[in-house]
Amino acid sequence: MPSSTSRTLHVLGWVALVPMLALCATQWFGVDGRRTFVALQALTPFILLCAAPIALAACRGRQHALAIAALVPLVTLLALSFPIAFHADPPAVAENSPRLSIAYSNLLYYNSTPDAAAARMIASDADVLLLVEVTARLHDALVAALADGGTADYPYRIGTTGRGSESIELWSRHPIISGGLAEIGDRPAIDALLDVDGSEVRIVGVHPYPPTFNAPGWQAQLQAIGDAAATSDTPTVLIGDFNGSRWHPSFRRLLDRGWQDAHEVLGHGWSVSWPMDEGWLPPQFVRIDHALFRNGLTPTGIDDFEVPGSDHKGYRVDFGFTDRPEP
């Protein structure tokens, strides 16, 4: 007859496993239309890893059913993590390929240190800046930092300022051939075609709703982003704050439409970008800021950096072409 301690551990093991198995079910069936589901899915690696000590204790206690059940979250986590841990190297850059660098950040519309945040973005010295949550104060700070930094100007600028969390801007050293400010899934976005040393590159910048505020709206916006960004065969970068990660089924559905994540293919798939300096949340635990690419682009380097006053990490990503485009 099992001891009272063994029975207690058995009961506690099952009680702990039930929410893990429920989380697994949301992943298997692609359910993320509720705020609670989305919030827990962002913590998927941390939650499902808790099944490991349960499985070990169950094996030692010869509690076979509990041990088998505890393997389910671990196998689920392995399956979800497989594309991060095992991926092909990015394609090689073609000889004499043009190069393109993009620096991205969610600047945080109530940023208390706009001058320092702006200086950090200008210091990236990227060919293109893609910025979300740009207030008029942050915009002016960027202009001032550019004047003080001594770097080449960004003569081509599009976007919207002063709409709080919906604001988005693109600054470029390369000419903007067409496009500009757009609306994708009822949120402001950037959809622009750039001339990069004689080759066309499409940049689509996005910032959908946070799913913790409006999960169905976030789902619909990711679907709309996928629809809008797949409308041409031009080399394309889809970049921004997606408010979603690989742990969210809706974001995986977007990836499955032919996109690759620059962080993942360059071996930084386990890196995180949010939250920074938010006292009511755990420190950085999830990547929701992504640079996706397709149609003949290949990343050659990526560098994450802290942006003063923002709750997101920024990054600079460098791209080349897999084939030398015709001029």
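The values are calculated or read from the model by the stated rules, or taken from the named source; none is laboratory data. Note that the structure is a prediction, hence the values are computed from the model and not measured. No Cβ is skipped: glycine too gets one built from the backbone with ideal geometry, and neighbour counts run over all protein chains shown.
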| message | Can you tell me which residue is surrounded by the most Cβ atoms within 10 Å (Cβ to Cβ) among those in the stretch 106-148 that are β-branched (Val, Ile, Thr) and in a helix (DSSP H, G or I)? | response | Ile122
| note | The residue from Ala58, Ala51, Ala42, Ala22 that alone is surrounded by fewer than 14 Cβ atoms within 10 Å (Cβ to Cβ) and not assigned by TED's automatic domain parsing to the domain that holds Tyr209 is Ala22
| query | Between residues in the stretch 289-312 that are touching a residue at least 60 places away in the same chain (Cβ under 8 Å) and farther than 30 Å from Thr113 by Cα and residues that are in a strand (DSSP E or B) and among the hydroxyl-bearing types (Ser, Thr, Tyr), which pairs lie under 8 Å by C-beta distance while being six or more apart or on different chains? | reply | Asn295/Thr236; Leu297/Thr236
| note | Ile84: passes all of (1) among the hydrophobic types (A, V, I, L, M, F, W, C); (2) buried (at least 21 other Cβ atoms within 10 Å of the Cβ); (3) in contact with a Gly (Cβ under 6 Å, 6 or more places away or on another chain); (4) under 24 Å from Leu292 (Cβ atoms) but (2)
| request: State whether one or more residues within the stretch 88-98 are touching a helix residue (DSSP H, G or I) at 6+ places or on another chain (Cβ under 8 Å), modelled with pLDDT of 95 or more and surrounded by fewer than 18 Cβ atoms within 10 Å (Cβ to Cβ). | output: no
| field | All positions within the stretch 114-158 that are touching a residue at least 40 places away in the same chain (Cβ under 8 Å) and under 22 Å from Ala189 (Cβ atoms) | value | Ala117, Met121, Ser124, Ala126, Asp127, Val128, Leu129, Leu130, Leu131, Val132, Glu133
